[in-house]
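Asks: One structure coming up, written as structure tokens, with questions to follow.
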Amino acid sequence: MRLRTVLPLVMLAAAYAVISLLVTNSYYQLMMTLVLVWASFGLAWNLFSGYTGLISFGHAVFFGLGAYFTALGQIYFDLTPWLLIPVAALVGGAAGLLIGALTFRLRSHYFALAMLAYPLAILNVFMWLGYQELTIPMKHKDAVAYMQFTDGRVYTLLAIVMTLAIVILSQAVERSRFGMALIAIKQNEAAAEAAGINTLAWKLRAITLSGAVTGAIGAFYVMVLLVVTPESVFGMLVSAQALTVTMFGGVGTVWGPLIGAAILIPTGQILQAKLGAQFPGIEGVIYGLAIVIVILAAPEGIFWRVRDKMRKRTGGTALAESGAVSIPAAIEPASTSVPRNDGEIILSVRNLSKSFGGLKAVQNVSFDVQRGSILGIIGPNGAGKTTLFNLLNGFQHPDAGEVLLDGRNVFGESPHRLCAAGVGRTFQVMRPFARLSVADNVVIGAYIRAADDAEARAHAADAIARVGLTGAANRIASELTTKELRLMELARALAGAPRLLLLDETLAGLGANEAAEVVTVLRALAKQGITIVIIEHTMHTMVRLVDRFVVLDHGAVLVEDTPQAITRDNRVIEAYLGTKWSAHA
Amino acid sequence: MKLGRREFLASAGATALTASLAGRSAWAQAKEVEVGLLMPLSGLYARFGASARQGAEMAVDKINKEGGIKALGGAKMKLVVLDCGDTAEKAKSAAQRMVAEYPNMVAVSGSYLSTFTLATSEVTERAHLPMLTLSYSDLITDRGFKYIFQTSATAGSQATQALPTVVKIAKSAGGNPKKVAIITDNTAASVASVKPMREHLLKDVGLELVVDETFTPPLADATPLVQKVRSARPDLLFFLPTVISDAKLVLEKMNEFGMGQGRVPTMAFGIAMFEPDMLKSMSPDLLQGMIGSIGSWGSKGHEAIAAELKAKYNEPWVDQNVISTYADYIVIKEALEKAGKADREAVATALHTMDGGPSKYYPGGEIKFDDKGRRVNAGLTIIQWQSGVPVTIYPDNLAVAKPIWSKK
């Protein structure tokens, strides 16, 4: 498999090398090098932003640090770039780690804007230090030892090696637990965290790696340009260059930056060369328009557009066939009477409280959950169900109270640690990783207890079988029905082998028959010993599912009892329908 | 005319023989000699590149009208104009394209901004293509390059020349500056110019710094700055704005406070304050009396060029980029005459060994380059806004007007 994926790349690189060796025009040689420099930069950016979805407008900071490090190292210490470029990678990596640690508390566009500030700030620092213009000292002797070649083709060959290395690195990341974690973060950071992924740690690793690669590229770029100015390595346009080639070509794939750079860099150059002298500035207008048109036609980039087109042509029949979901057999009808009472308490909640300003969303909530039972938490809109849930699984921090999991206090622990402790969850709003297959979606949840990729795959396959989705394992999540998505989310939670499952409105949006199918699956899971806590807005289907109900109203426990008792309880009817109706009930 | 087969073969053979005997340069001699102009023609610095282009076109026209390169049998000069864009990276690419597509080019002039010249000369140096530049940075000729020729005085040399020169001008006009003020913004170029002044240059010529104000563009209100200047009553103000709107605010306020129009002699830095475009946003009254120090400027003896510039391009005066670039092609022509062949190595050698006597177009010094490629004894020009035109007031042999200096 490895060989099959690497071989086309090596052949592509070899073809590029052969072409570059045939080019004798030094300008075209420079172009061939620059295409690879910007493709590499796009790949490095993609390694972080493409996979995690956290858009960085500030990758120039790593690029520039690598560039200046290499220039200053040669000017002041007469070191060779052969040594400086690898060390520049360390500099870029360190900067990545530092910036990540400082900036990851921010999310989405706040993160993007904060990243924008770093290169702009450091640009001024280098101005202030008096490094407005640096030139690499020319070596008449030992030119090769200082990476100064008279033949431009050598730079192209070096750039090919560099690009190929980064592509292979990207693919290795993409296919490993690292890449799956990043993709999970991109698709849904909360879901990833709930699936047991330590999102902060993975994001830090990603920005460190991306910063390191970018630093080395910046260092190499200086050897091509031979002049460094703060604008040319820290400028807005440098960061934008990485974004442009990647977004144009395709985000989240190694092919994107390669396609983007191969088209955009020569186009920009040709326009400037052919039109620049006659109509100064016209190249910018045409270049900009071309990008606008392509982005309008292919918002995710050329690669995805082409791939989706090809899929539609070839993959249409395969989709239609694998629609059926097989429900595990041997399901007995829902027992409406006997709670499985073996007496052992798995989850104990004591006096849990949470306020948002003056609003007491959850106040003094206490209840116990017995191992292997199904507990339903219900209540009208705004009763505090989801807040209670978020307190239980670590997404929100409680103000007061205790949460005992198997007698151990897990009060206020982070989601991925709770996941490791055996608590799985699903979300009210479904959070599938849309571009991934069902199997890939589920495997993300399996890494928490798997030593290697193969073991994780096995756990995932097992979980998929338990929810009856085996037939759909290779389909893309975006093609699934609501019910299938619910089951897939359930499988993802199951893949981490939880002892306790927290389900947030798993039955919402399902028709009566679909809901019945999901209920069947859930009962089977309970039979296998998994404790389930499910919150629902409506009572109807829940009556046939749960062993006990906790009814919440205004953030507090209204009643706790069996389904039969709950349906007849006036207080519950009142809470749901108002006092007027309780009299009729 | 019809050629028979035999005659055709004979002539073809003869041609081949001549070509193989005389080599490529023989071909070139019979045709044209390519010279380049690599300047910013797009982006932020396009205005300056356009001026340089006018100077280049006029010089090449004149050379060709007067019979081309005589040592090459009257070969005409052919000007190749290339845009180096507005960044160091674009400049490098453009230079690479130039050396790749014009292998017969013998010399080039460029690239206005020091940053661009540093980038483009990395390429021309490796291609052994002689380059003449008006850029100031000392670094350009500190790299040990063999094919770069700096025609202006370097920044370091200008910094030490400018202050004593201004004091000399003041004295010649009846002034005697003792106390000086600085108003500068905090952009890199301004800060770099002010730093050596604060450190020692002012002291060296016996000037006392009484007001030293730095602001961040854009300026909202110039009143506090100008009030400080008024209360200190300096004999000379150094003014270093980068943004034209800031310059306008300060000059208007000075005028309002009765210090404008040269009543407090003011010296600005940089060519931007002396471009025709200034008159679009400011009245000539505001600019009246403002002094500038610059690498070169249209001066006495350049009247024909000024007239041609006015007629051909409707430009009101000859600025640094026009005159300095004009001069570059005259120098290149002389080098070609001396080299006797259209070959870049020969032109480079000719430039290094040339001794063209006193300079006619660049201020001061000679048409002669030292080991580093710097023009020997290159001087500078002091100019002053007088009645809506920046005129040369120094050096005396080039001055077209007497300096105006307020005697208080």
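Asks: At a threshold of 8 angstrom on Cα-Cα distance, excluding pairs fewer than six apart, so keeping six or more, what relative contact order does chain A reach in percent? Each step should come with its number before you reach the end.
Replies: Values: 1062 pairs, mean separation 93.5, N = 585.
Value for chain A: 16 percent.
Asks: With each label point set 7 Å from Cα along the Cα-Cβ vector, what nm distance links B:GLU213 and A:LEU289?
Replies: Reported label-point gap for B:GLU213 and A:LEU289 is 4.8 nm.
Asks: Using a Förster radius of 22 Å, what is the FRET efficiency between B:THR353 and A:MET138 based on their Cβ-Cβ separation? Nearest 0.05, please.
Replies: Numbers: r = 23 Å, r/R0 = 1.03.
It comes out at approximately 0.45.
Asks: How high is the relative contact order of chain B? Use alpha-carbon pairs under 8 Å, at least six apart in sequence, and give a whole percent. Mind dumping the intermediate values first?
Replies: Working: 801 pairs, mean separation 72.0, N = 408.
So the answer I get is 18 percent.
Asks: Per residue of B:99-107, what is the mean number of Cβ atoms on other protein chains within 10 angstrom of that residue's Cβ? Display every interim value, and only then the final one.
Replies: Numbers: counts 3, 10, 4, 0, 2, 0, 0, 0, 0.
The shielding value for this peptide is 2.
Asks: A further question on this structure: Per-residue ellipticity at 222 nm for chain A, helices alone: DSSP H runs ≥ 4 residues times -39500 (n - 2.57), over residue total, nearest 500 deg cm²/dmol?
Replies: -18500 deg cm²/dmol
Asks: Additional query: A:ASP453 label point, 7 Å along Cα→Cβ, cut-off 19 Å on backbone N: hits in segment A:464-489?
Replies: Answer for this model: A:474-475.
Asks: Over all pairs of distinct alpha carbons, what does the Kirkwood formula give as the hydrodynamic radius of segment A:2-246, in Å? Each step should come with its number before you reach the end.
Replies: Working: mean 1/r = 0.0543 Å⁻¹.
When all Cα pairs of segment A:2-246 are included, the Kirkwood radius is 18.4 Å.
Asks: Calculated FRET efficiency, A:LEU102 and B:SER283, Cβ-Cβ r, R0 60 Å, to nearest 0.05? Write down the numbers at each step before the final one.
Replies: Details: r = 51 Å, r/R0 = 0.84.
After rounding, the FRET efficiency stands at 0.75.
Asks: Could you sort out which of B:LYS146/B:LYS372; B:LYS312/B:LYS333; B:LYS76/B:LYS146 sit more than 19 Å apart by Cα distance in this structure?
Replies: Pairs exceeding the cut-off: B:LYS312/B:LYS333; B:LYS76/B:LYS146.
Asks: Then there's this: For a footprinting-style exposure proxy, rank B:CYS84, A:CYS419 by other Cβ within 10 Å, fewest first. Each step should come with its number before you reach the end.
Replies: Details: B:CYS84 33, A:CYS419 26.
So the ranking, lowest neighbour count to highest, is A:CYS419, B:CYS84.
Asks: In nm, what is the difference between 0.36 nm times the number of residues separating A:MET236 and A:HIS554 and their Cα-Cα distance?
Replies: On the way: separation 318, 0.36 × 318 = 114.48 nm, distance 5.09 nm.
Result for the pair: 109.4 nm of gain on full extension.
Asks: How are the alpha carbon pair distances in the protein assembly as shown distributed across 10 Å bins from zero to the largest one, expressed in percent?
Replies: Pair shares across the bins are 2, 10, 16, 16, 14, 12, 10, 9, 7, 4, 1, 0, 0.
Asks: What is the angle, in °, between the Cα long axis of helix A:255-275 and the longest principal axis of the Cα atoms in chain A? Nearest 10 is fine, range 0 to 90.
Replies: 40 degrees
Asks: Additional query: What angle do you read, to the nearest 10 degrees and between 0 and 90, between the alpha-carbon axis of helix A:60-77 and the longest principal axis of chain A?
Replies: 40 degrees
Asks: Given B:LYS280/B:LYS402; B:LYS65/B:LYS168; A:LYS186/A:LYS309, which pairs have Cα atoms separated by over 30 Å? Numbers along the way, then the final one.
Replies: Numbers: B:LYS280/B:LYS402 26 Å; B:LYS65/B:LYS168 42 Å; A:LYS186/A:LYS309 24 Å.
Cα-Cα > 30 Å for B:LYS65/B:LYS168; rest within.
Asks: Can you list the equivalent-ellipsoid semi-axes of chain A, largest first and in whole Å, using the square root of 5 times each Cα gyration tensor eigenvalue?
Replies: Numbers: eigenvalues 612, 130, 86 Å².
Its equivalent ellipsoid spans semi-axes of 55, 25, 21 Å.
Asks: Can you give the calculated 222 nm mean residue ellipticity of chain B, where each DSSP H run of n ≥ 4 adds -39,500 (n - 2.57) and the sum is split over every residue, rounded to the nearest 500 deg cm²/dmol?
Replies: Details: 14 runs with 171 residues, N = 408.
Value at 222 nm, helices only, nearest 500: -13000 deg cm²/dmol.
Asks: Tell me the label-point distance for the pair B:LYS70, A:THR267, using the 7 Å Cα-to-Cβ offset, in nm and rounded to one decimal.
Replies: Rounded to a tenth, the inter-label distance reads 5.5 nm.
Asks: Give me the distance in nm between label points sitting 7 Å out from Cα along the Cα-to-Cβ direction at A:ILE75 and A:HIS109, one decimal.
Replies: 3.9 nm
Asks: Past the 28 angstrom mark, what percentage of all C-alpha to C-alpha distances in chain B do you count? Please list the in-between numbers first.
Replies: On the way: 41561 of 83028 pairs.
Every Cα pair in chain B considered, those over 28 Å come to 50 percent.
Asks: Taking R0 as 25 Å, what FRET efficiency do you get between A:HIS540 and A:THR482 from their Cβ-Cβ distance, rounded to the nearest 0.05?
Replies: Details: r = 17 Å, r/R0 = 0.70.
The value I calculate is 0.90.
Asks: Could you give the angle, 0 to 90 degrees to the nearest 10, between helix A:108-128's Cα long axis and the longest principal axis of the Cα atoms of chain A?
Replies: 30 degrees
Asks: Running a GNM on chain B with Cα contacts under 10 Å, which residue among B:LYS341, B:LYS368, B:LYS312 ends up with the highest mean-square fluctuation?
Replies: Highest fluctuation of the listed residues: B:LYS312.
Coordinate-derived values only; no laboratory data. Remember, predicted model here, so these are calculated numbers, not experimental data. Quick reminder, even Gly has a Cβ in these numbers, built from the backbone with ideal geometry, and neighbours come from all protein chains shown.
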